[in-house]
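The structure under discussion appears below in the form of structure tokens.
Just so it is clear, none of the values below were taken in a lab; they were calculated from the coordinates. Worth saying up front: this structure is predicted, and the values here are computed from it rather than measured. Methodologically, a virtual Cβ is constructed for each residue, glycine included, from the backbone with ideal geometry; neighbour enumeration extends over all protein chains shown.
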There are 2 protein chains.
Amino acid sequence: MFVMISYDVDVKRVAKVHKILKKYLQWTQNSVFEGTITEGKLKQCMGEILGKINPKSDSVYIYRVSNPKNIQKTVYGIEKDFESIFL
Amino acid sequence: MFVMISYDVDVKRVAKVHKILKKYLQWTQNSVFEGTITEGKLKQCMGEILGKINPKSDSVYIYRVSNPKNIQKTVYGIEKDFESIFL
């Protein structure tokens, strides 16, 4: 399945959440990740994230699309590469 | 159709892009908007945005899902309300 995950967490937890998501998905831009993943791997990923975030102040949104053919992505402007910006 | 739009633009253009997107869609978190919209309205929305952004440094990602039934959204943590944070 295809997933798009966006997160909005306290600045001191951004790097931790980014690092976990990077193991499972591809970074898109800002606090958005996307990619194809199994339900099991997603569960594992979310388990790691929920161990780091504060559910009273942070949030993580998951958009699941069972069949990747049902989602169409269009990019306007430049496609950014996280590594080139931050590393 | 259902769309999810995320943007990554220079800080001086964030408010302008946010204001345009807010006319057409619902703000989700950070630089992410979502909602149901027609292809015509989306074209109109993107026309406004492209008039504001710099395609050499900014980027806007659109994820389209023709049938909203094909997308499933899950929220972990709190659901934020832009108005309560910024206004």
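Of the residues in the stretch B:20-42, how many are part of a strand (DSSP E or B) and surrounded by 15 or more Cβ atoms within 10 Å (Cβ to Cβ)?
Of the residues in the stretch B:20-42, 7 are part of a strand (DSSP E or B) and surrounded by 15 or more Cβ atoms within 10 Å (Cβ to Cβ).
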Specify which of the listed residues (B:V11, B:V17) is surrounded by 19 or more Cβ atoms within 10 Å (Cβ to Cβ) and not charged (D, E, K, R). B:V17
Please verify whether the stretch B:63-78 includes one or more residues that are more than 7 Å from chain A (Cβ to nearest Cβ) and within 11 Å of the chain's Cα centre (by Cα). no
How many residues of the stretch A:8-61 are closer than 21 Å to A:V75 by Cβ and either at the interface with chain B (Cβ under 10 Å from one of its Cβ atoms) or touching a Lys or Arg at 6+ places or on another chain (Cβ under 8 Å) (or both)? The answer is 8
Quick check, is B:V3 in contact (Cβ under 8 Å) with a residue 60 or more places away in the chain, over 17 Å from A:Q29 (Cα atoms) and surrounded by 16 or more Cβ atoms within 10 Å (Cβ to Cβ)? no
Selection from the stretch B:49-61 of residues that are in a helix (DSSP H, G or I) and buried (at least 16 other Cβ atoms within 10 Å of the Cβ): B:I49
